[in-house]
Amino acid sequence: MEAISSSKLVPAHITKLSTPKQILSFNPNNRLISVKCSSSQGSKRESLSISSCDLTDTRHVPVGGQLISGSARSRNPVGKTFSSSGVWTLDQHVSESSSQVTEDKVGVLLLNLGGPETLNDVQPFLFNLFADPDIIRLPRLFRFLQKPLAQLISVLRAPKSKEGYASIGGGSPLRKITDEQAQTLKMALEAKKLHANVYVAMRYWYPFTEEAVHQIKNDGITRLVVLPLYPQYSISTSGSSIRLLQSIFQEDSCLSSLPVSIIQSWYQREGYIKSMANLIEKELKSFSKPEEVMIFFSAHGVPVTYVEDAGDPYRDQMEDCISLIMKELKSRGTDNDHTLAYQSRVGPVQWLKPYTDEVLVELGQKGVKSLLAVPVSFVSEHIETLEEIDMEYRELALESGIENWGRVPALGCTSSFISDLADAVIEALPLATAISQENPTKKSTSAESDTNLVRYVLTLFFGSAVAFVLLFFPKLASTFKNYI
């Protein structure tokens, strides 16, 4: 048993202990770390004693007057287990997150959509987007068609999408903004006495999730908080990124034991609500008659089947979010009329209603003259705010009779917003648990091999058929293009 004593290693959050406290933690090298903090009466000086022993040793190890053997790792002798890596506290008054004196190396992973940085990136970006089964949900029997269909749609949609990206400077600013948010969040965490590495993982473009996870592993992160940059949860946004992340972790023996805390949604947080209210109040003041302005919340849409068949909570969370923002505004004396609509629908299927473009026309017909657009599901500027809202919807609104148009900017690096995200990370840290290494889908059988071969042949056939149609029946391809 090796012991180290120091008075300099005690963090600020445990420097006022009046009675001895002891914390047990198992590190990845199968060593039991015993940390004992104590202070002498009438003195402000504290001491820290750290002892360690090899858990592969079958001898019993004395801990706090008890005997615990290596086989006792699965039991919690006194305190609460916060993660499957086995962090135990012998005094429940000590916060596990703030007493991690074994110096956890904390990481924060920001999840976002990603976007093409150049016009040449547009088509492959669209392919990655539509190849995601959480974006185009095909019946299980036809899943083998996912990539050929994604290729077809991306090729047909690329010209129009390129025009949109060209109009906002030739590419998406999403990566630059997200990197800035990551850096600002890192500084906010440091100001709150938490040192953490902050990483960015994009779902459909660089830096891809796999790249970020590789860096996390190389940096030796021992505790991770995953923070999607989507206030509301949807299976097509946060859900897709989280499922990809889980599959990567489950396939890696080291990562599968890493304590991870995932913040699935945070639209209800007071800091976010107040930050949104602040931006709305500021923009309302730019109108000559602020009290007459219609507050128009525009959210990214999802197909109705996601909500009604797959149980996506997105619509409920969005409506709850709007209610909370308007409640905050009303408490400040702002009681404008408001409405919610959904934008960015694609294809012939029914999406969440009402649709943004249709509502704008209706509001103009009803005599609304002043409107303030609020992109409520976005915290960063990108093509859906800069081109779709600022250009397409603004033009439609003015053509429909709305005379005064305004738009609330995305939250970006707003200090109150970033500070609240930092608080969310700190609150989530002690809840981290390891992602199970078990992965039943990883088993391989000859039957599955046969199925994969059949799928390959069918995919090859379908891809060839698509190429044939595009080449020899351009009118048919044009008709299909109108539906996507």
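Observations, loosely collected:
- One decimal place: the segment residue 292-residue 206 gains 26.6 nm when fully extended, by the rule 0.36 nm per residue minus the C-alpha distance.
- Subset of 105/193; 289/369; 105/186; 274/330; 186/282 violating a 20 Å alpha-carbon distance limit: 186/282
- A Förster distance of 45 Å, applied to the separation of the beta-carbon atoms of residue 361 and residue 105, puts the FRET efficiency at 0.25.
- Shape of segment 270-407, Cα gyration tensor, a/c cut at 1.5: oblate
- Of the chymotrypsin sites (Phe, Trp or Tyr not before Pro) in segment 117-207, not one is in a loop by DSSP (not H, G, I, E or B) with at most 16 other beta carbons within 10 Å.
- For the residues 316, 390, a 1.4 Å probe over the protein chains yields an accessible-area ranking, largest first, of 316, 390.
- Label-reachable residues, segment 140-161, where backbone N falls under 13 Å from a point 7 Å from residue 119's Cα toward its Cβ: 159-161
- Gain in span if fully extended, residue 391 to residue 254, counting 0.36 nm per residue against the direct Cα distance: 44.6 nm
- Accessible surface of residue 383 - all protein chains present, 1.4 Å probe, nearest 10 Å²: 30
- All aspartates and glutamates inside 15 Å of residue 327 as judged from Cα atoms, apart from same-chain residues fewer than 8 positions distant: 270, 281, 319, 335, 337
The values are calculated or read from the model by the stated rules, or taken from the named source; none is laboratory data. Fair warning: this is a prediction, and the values are worked out from it, not measured in the lab. All Cβ positions, even for glycine, are placed from backbone atoms using ideal geometry, and neighbour counts span all protein chains on display. We work out accessible area using only protein heavy atoms, side chains counted, and drop any ligands, DNA or RNA first. Shrake-Rupley method; radii C 1.70, N 1.55, O 1.52, S 1.80 Å.
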